[in-house]
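Engineer: Starting off with a structure, shown below.
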Amino acid sequence: MEDEEEQQNEKLALESMFENEEIQFFKEEGRMSGNIAVNTYLENSLTIECSDDAKYLQYKNKQDGKLKLKFLPPVELQFSLPPNYPSSAPPIYTLICKWLNNEQFNKVCKQFDDIWTDSEGQVVLYRWINYLQNDLLNTLEISNTINFTSCNTDLNKKAVNFNLSPEEIVEYVLEHNKQTLEIEFENSLHDCAICFESMSGRNCFRFIPCDHAFCNNCITDYFRVLIDEGSVNNLVCPSDKCESEALPQQVKKCLSEGLFERYERLLLQYAIDQMDNIIFCPRSWCGTPVLFGSNENYEECPKCHYVFCRICKRASHGVNSCTIRPEDMQSIRDAYLKANSSEKAALEREYGQKTIKKLIEEMSSNEWLKENSKKCPNCRTFIQKASGCNRMQCWKCRQNFCWICNKVLNKYSPYTHFTDHQSPCYNQLFQGMVLEDDDDEEDDEFL
């Protein structure tokens, strides 16, 4: 059989075995030429031996925390077939790979040459490809672990080395492994752990590093609920006791543009809130983050130039103590009563010792009045009922009213409220009244 016919038959055979994107043939200077990216098959995952693996945290295996490889980057084989191949001349080839060092390249080139020597006169491209797929790691003595090191040995002219540092090689192979795992995930079926439907990986969301998968519809609804609640720092895997967090680039693929913008705003807000040297301008129309300056108590907004107190968020008030706002009274009083001595001293420095004590006294008094008295429905004066019936008379405006329902009573016949069958307080004039044997007083008592 003529060499040209042998080459054509080899070309057809290889094209039938490999996809068009894997192997390509073309004419170059009248010769049959081509290239193929050959993937080396791994029976088991390889562990990368790396002195500093802390910066590769996102790639670590979920079970043992090690850097694992399920896929190695391919070795590219470029070839050109001489007119007298395979009868008397071997293919002219070049090996290209980023993760092999010079010594390893030389071993591979020697194996290629040995294969040709053993097969001289026969087509050899398939045997070379098969060697790269199945026997490459045996030649390199790689079984369970792989270590990427540099080597100063002279490089065979048939190989191309990119001279990457060991750190660059580790990053390169890990990223390739990650991308290949993504492709494998997208091309397989997965059961959603929420709706239990079986979906293609292209329609699923996968958390890393736990690998739990959920359909896009379910995970989008799950994220929307969390974002509506403001829990943007807690977009974790919904599986029980799993703490894998969704990456921002993953979240972006699931959400609408508007919802993702809100997610980013809330995430930025959360990050700023965690900083102890940031405060926001208190003006409602501004709200610009303000970095603490050298002044102990006052800050100036860089946008609207409002100068405000860092403590009470009001306009600068000089050396005077902060004024306590009505809505803050309860929280400040509770904080002071629960505080230790140093915390109490800090509150007294902020608001003034007299102000704090006056606040506590007034709030205690108001609480007692709320529990033990009622307001006159006419003048709103607090009235305490010490004893007697439920017909009360205000000591200030002399208004008659019912102690039970606080309704104003008729000036001339106040007791009809308790004798009228239609009244809600019918026959309850003495409801709740405590009778004492020695009590001869018949008049109502009031304060």
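Engineer: If we count other beta carbons within 10 Å of each Cβ, what is the order of 32, 433, fewest first?
Structural biologist: Placing the least packed residue first, the sequence is 433, 32.
Engineer: Provide 123, 173 in ascending order of the number of other Cβ atoms located within 10 Å of each residue's Cβ, fewest first. Write down the numbers at each step before the final one.
Structural biologist: Values: 123 19, 173 22.
If I rank by nearby Cβ atoms, fewest first, I get 123, 173.
Engineer: Still on this structure, please answer the following. Taking neighbour Cβ counts within 10 Å as the exposure measure, how do 252, 68, 157 sort from fewest upward?
Structural biologist: 157, 252, 68
Engineer: Which of the listed residues, 244, 312, 271, is farthest toward the dipole's positive end in the stretch 238-386, when Lys, Arg count +1 and Asp, Glu count -1 at the beta-carbon?
Structural biologist: Sorting the options by dipole projection puts first 312.
Engineer: To continue, here is another question. Please report the relative contact order for the chain, taking Cα pairs under 8 Å with a sequence separation of at least 6, and give it as a percent rounded to a whole number.
Structural biologist: 8
Engineer: Further question: List the lysines whose Cα lies under 18 Å from the Cα of residue 374, skipping any in the same chain that are fewer than 8 positions away.
Structural biologist: Counting by Cα, and skipping residues close in sequence, residue 374 has these lysines nearby: 385, 396, 407.
Engineer: Before anything else, pin down the relative contact order of the stretch 277-320: Cα pairs under 8 Å, at least 6 apart, normalised by residue count, whole percent.
Structural biologist: So the answer I get is 27 percent.
Engineer: So what is the diffusion coefficient of the chain in µm² per second by Stokes-Einstein at 20 °C and 1.002 mPa s, using a Kirkwood Rh over Cα pairs? Walk me through the numbers before you get to the answer.
Structural biologist: Details: Rh = 31.6 Å.
D, rounded to a whole number, is 68 µm²/s.
Engineer: Let me ask something additional. Okay, helix-only estimate at 222 nm for the chain: each DSSP H run of n ≥ 4 adds -39500 (n - 2.57), divide by all residues, round to 500 deg cm²/dmol; what do you get?
Structural biologist: -10500 deg cm²/dmol
Engineer: Report the chymotrypsin sites (Phe, Trp or Tyr not before Pro) located in the stretch 164-219 that are in a DSSP loop and have at most 14 other Cβ atoms inside 10 Å of their Cβ, or state none.
Structural biologist: 196
Engineer: If you don't mind, another one. So which of 241/313; 370/411; 11/158; 27/70 end up more than 29 Å apart by C-alpha?
Structural biologist: 241/313; 27/70
Engineer: With the Cα gyration tensor of the stretch 380-436 giving a ≥ b ≥ c as the square roots of its eigenvalues, does the rule (a/c under 1.5 for rounded; else a/b larger than b/c for prolate; else oblate) give rounded, prolate or oblate?
Structural biologist: Taking the square roots of the gyration eigenvalues as a ≥ b ≥ c, the stretch 380-436 is oblate.
FYI, it's all coordinate maths here, none of it is from the lab. Only a predicted model underlies this, so the values are computations on that prediction, with no experimental measurement involved. Here the Cβ is made from the backbone with ideal geometry for all residues, glycine too, and neighbour counts use every protein chain on show.
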